[in-house]
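**Q** This is the structure I want to talk about, given as structure tokens.
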Amino acid sequence: MTDSPEQEYDPGDVAVIGMSLRAPGARTKEQFWDVLVNGRETVSFLAKDDIQVDETLIHSPFYVRACGVLDTYDKFDPSVFGISDRMAAAMTPENRLFLESAWETLEDGGYDPDRLKAEIGMYGANNPQTAALYSSPPDRVSVGPEAIEASLAWSPDTMTSNALYYMGLTGEAVTVAAVCAGFHYAVHLACQSLLLGQSDMAIAGGSMVRLPHPRGHLWEENRILSKDGHCRPFDANGTGTALSSGVVTVLLKPLGRAVADRDHVYAVVRGSAVNNNGVSAMAYGLAQPERLSACIAAAMEVGGVTPDTVSMYEANGLGLPMTDELEVHAATMAFGKQTATTSIGGVKGNVGHGGVVSGGFGAVKAALALYHKTLPATINLTEVNQDLDFPSTPFVPQIEGAAWEPEAGIRRAGITSIGGGGYNAHLVLEEAPEPAERAAEQGRPRLATLSALDDDALGRQRTRLKEWLEARPDLRLDDICFTLNLGRKVMPRRWAAVVRSREELIAALADDARGPATTTAAAPRTDPGSFTRNDHGIVPAGRDERALSDLAAAWVTGQQVDFDALHLGEASRRVPLPTYPFQPRRFWRTDW
């Protein structure tokens, strides 16, 4: 990380520099965005044989066989983290998902945990009930090493400390319990830590797996779960939402530092706020408009944001007329009278209600909307609830997708999350600043590297990177190589290529026989004594093709290279690239 001072940016602004998501119907944030912009619903309608519940329950006329299914909920790749199969089975599914997601988020931000010399805060929310349902360990009389190890793997409290430990990081670790507002609370605490200087970077998120999985729900009149399994935010015929599972994590850093460190910025957290209803005139667990309004207004005030500049509002949006009315009323009080119009939408129509991670689905939707300058449609909204009286509010339902052209000249989004028990939370996100202009690439040779635990994973990495580059012709070769060389953990099986263009790199990834590539499996011999070294490895002798080819041959045979020295003085930036191709296997404990 650079020592350059932070300049020209509000010291309270926090950059989102990495993201990872798994949601029903979406294994990655890119697939999630595709679900949103194409208006798809990924809640599944299950056959009776697919549901693990009591026979009496499933035959109830009020049982709804709808669920947001997470297809990787019971799978994990422990080898990447050096975790034994026995420990992997002891870990709850939420612990495992959060760990893999935190790894992906750090890689998406372009950082290798082994090369980080920084304090990394880890903040995450989970569902304590999941651990209780996942074969609770016995209450041992003697607490020896084996009992402690098992309990730390299983405990919901240690989800974030496990992530720090198995990723080889140091910093704060806080596991949050704030029910369905958990993701927002995790981000709020992470931002506070960053702004107080307690952390250099922070990973914040949530992980939710509803057990048994998959499962439906019982419909009850005027409760939040849908009568037919479909969630219809702001619709007159809405009856609630369906339950779902997922995991979301984001990588955060103070904006001025992120720009100085040449990080890729998806969006900026301008403000966050949390509160609780406490004693409420409403029923316990329902939103209290005055308290929710105060929370939304506080987040804008913290960020110095006026309501007329917030042109997207991502609602909690349960799709139940009563709760939607309470939320719209609260948001209207917070936004006040204004002439600008604000798009209002709800992601639960797409993926259902993910509990502690539901706010994460909304936040990633908003961040990607800012990034792509596009407002996705709110699906299942066919008959707007007239009782919401949108014409007298600042809000306009986003019934169809559209380009985001804000009247205020800047794109900002507010995201609300509400939790049972009176929890309110709100985030204000802003579009990333435009990166500084750079000179065009010079077309000189570059070294690109990949590594994995085995040759199969290495092959899949090459395929994924090739497809990624083919789909993104705007990516610069210097940025690609900078990110690969400095932003990925170095593993035993390695691949390297010296290339002058993206096209050459794509060709090398496609076929080693035709490309200028070397691999661990078939590497040329090098003389270890012929290289100059420092404490960080081989110091590049030059940046010409011959010197880089020698460096590639040394690196793929297991020698350490000082990649910081290779990229010294460059203007290259970190860019999103495919993350590690985990090879998940099923782990499920039924007894201890």
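**Q** State whether the residues of the stretch 51-72 include one that is of a type in the set (A, V, I, L, M), at pLDDT below 95, over 24 Å from residue 154 (Cβ atoms) and part of a loop (DSSP other than H, G, I, E, B).
**A** yes
So that you can scan it fast, the table gives a plain yes or no per residue for (1) of a type outside the set (D, E, K, R); (2) open to solvent by 20 Å² or more (accessible area, probe 1.4 Å); (3) at pLDDT 95 or above:
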residue	(1), (2), (3)
347	yes, no, yes
360	yes, no, yes
365	no, no, yes
399	yes, yes, yes
403	yes, yes, yes
428	yes, no, yes
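**Q** So, in the stretch 88-143, exactly how many residues are β-branched (Val, Ile, Thr) and farther than 29 Å from residue 574 by Cβ?
**A** Residues flagged as β-branched (Val, Ile, Thr) and farther than 29 Å from residue 574 by Cβ within the stretch 88-143 amount to 4.
**Q** Right, another one. Can you confirm whether residue 114 is surrounded by fewer than 16 Cβ atoms within 10 Å (Cβ to Cβ), of a type in the set (Asp, Glu) and modelled with pLDDT of 95 or more?
**A** The answer is yes for residue 114.
**Q** Oh, and also: Yes or no: residue 99 in contact (Cβ under 8 Å) with a residue 24 or more places away in the chain and assigned to a loop (DSSP other than H, G, I, E, B)?
**A** no
**Q** Right, another one. What is the one condition in (1) in contact with an Asp or Glu (Cβ under 9 Å, 6 or more places away or on another chain); (2) hydroxyl-bearing (Ser, Thr, Tyr); (3) open to solvent by 10 Å² or more (accessible area, probe 1.4 Å) that residue 161 does not satisfy?
**A** Every condition holds for residue 161 apart from (1).
**Q** Then there's this: Among what's in the stretch 220-257 and is at pLDDT 95 or above, of a type in the set (A, V, I, L, M, F, W, C) and not in a strand (DSSP E or B), pick the residue that is farthest from the chain's Cα centre (by Cα).
**A** The qualifying residue farthest from the chain's Cα centre (by Cα) is 236.
**Q** Mind listing whichever residues of the stretch 449-484 are part of a loop (DSSP other than H, G, I, E, B) and either open to solvent by 50 Å² or more (accessible area, probe 1.4 Å) or farther than 18 Å from residue 574 by Cα (or both)?
**A** Selection gives 453, 454, 472, 473, 474, 476.
**Q** Could you please give the count of residues in the stretch 403-453 that are over 22 Å from residue 360 (Cα atoms) and of a type outside the set (Ser, Thr, Tyr)?
**A** Result for the stretch 403-453: 26.
**Q** Report, by residue number, each residue of the stretch 38-50 that is within 29 Å of residue 374 (Cβ to Cβ) and either in a loop (DSSP other than H, G, I, E, B) or open to solvent by less than 70 Å² (accessible area, probe 1.4 Å) (or both).
**A** Correct list: 38, 39, 40, 41, 42, 43, 44.
**Q** A further question follows. So, in the stretch 274-296, exactly how many residues are touching a residue at least 24 places away in the same chain (Cβ under 8 Å) and assigned to a loop (DSSP other than H, G, I, E, B)?
**A** Qualifying residue count, the stretch 274-296: 9.
**Q** Can you give me the ranges of the helices (runs of 4 or more DSSP H) entirely in the stretch 297-386 with at least 1 residues that are more than 24 Å from the chain's Cα centre (by Cα)?
**A** Values: elements: 321-335, 348-351, 358-372.
Result: 321-335.
**Q** Could you please give the count of residues in the stretch 75-91 that are surrounded by fewer than 16 Cβ atoms within 10 Å (Cβ to Cβ) and either part of a helix (DSSP H, G or I) or among the polar types (S, T, N, Q) (or both)?
**A** Here is the first cut: in the stretch 75-91, the ones surrounded by fewer than 16 Cβ atoms within 10 Å (Cβ to Cβ) are 82, 84-86.
This time we only want the ones that are either part of a helix (DSSP H, G or I) or among the polar types (S, T, N, Q) (or both), so: 84-86.
Matching residues across the stretch 75-91 total 3.
**Q** Now, a different point. Does residue 393 satisfy the criteria of being among the hydroxyl-bearing types (Ser, Thr, Tyr), surrounded by 13 or more Cβ atoms within 10 Å (Cβ to Cβ) and in contact with a Pro (Cβ under 8 Å, 6 or more places away or on another chain)?
**A** Taking the combined requirement at face value, the residue does not satisfy it.
**Q** Tell me whether the stretch 436-459 contains one or more residues that are closer than 22 Å to residue 359 by Cα and among the hydroxyl-bearing types (Ser, Thr, Tyr). Write out each step before concluding.
**A** So in the stretch 436-459, the residues closer than 22 Å to residue 359 by Cα come out as none.
For the stretch 436-459, residues closer than 22 Å to residue 359 by Cα and among the hydroxyl-bearing types (Ser, Thr, Tyr): absent.
**Q** Quick check on my filter: what residues within the stretch 462-514 are touching a helix residue (DSSP H, G or I) at 6+ places or on another chain (Cβ under 6 Å), touching a residue at least 40 places away in the same chain (Cβ under 8 Å) and of a type in the set (D, E, K, R)?
**A** 462, 466, 489, 493, 494
**Q** Being open to solvent by 10 Å² or more (accessible area, probe 1.4 Å), under 30 Å from residue 569 (Cβ atoms) and β-branched (Val, Ile, Thr) is the filter here, so list the residues in the stretch 242-299 that pass it.
**A** 259, 265
Every residue, every condition in (1) over 35 Å from the mean Cα position of the chain (by Cα); (2) part of a helix (DSSP H, G or I); (3) free of Cβ contacts under 8 Å to residues at least 60 places away in the same chain, yes or no:
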position	(1), (2), (3)
543	yes, no, no
553	yes, yes, yes
558	no, no, no
564	no, yes, no
569	no, no, yes
583	no, no, no
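**Q** Has the stretch 509-528 got at least one residue that is at pLDDT 95 or above and of a type in the set (Gly, Ala, Ser)?
**A** Within the stretch 509-528 (the criterion being at pLDDT 95 or above and of a type in the set (Gly, Ala, Ser)), the answer is no, since none of the residues qualifies.
The values are calculated or read from the model by the stated rules, or taken from the named source; none is laboratory data. Since the structure is predicted, the reported quantities are computational estimates derived from the model, not experimental observations. FYI the Cβ positions are ideal-geometry reconstructions off the backbone, even for glycines, and counts take in every protein chain you see. These accessible areas exclude ligands, DNA and RNA; they are computed on the full protein's heavy atoms, side chains included. Shrake-Rupley method; radii C 1.70, N 1.55, O 1.52, S 1.80 Å.
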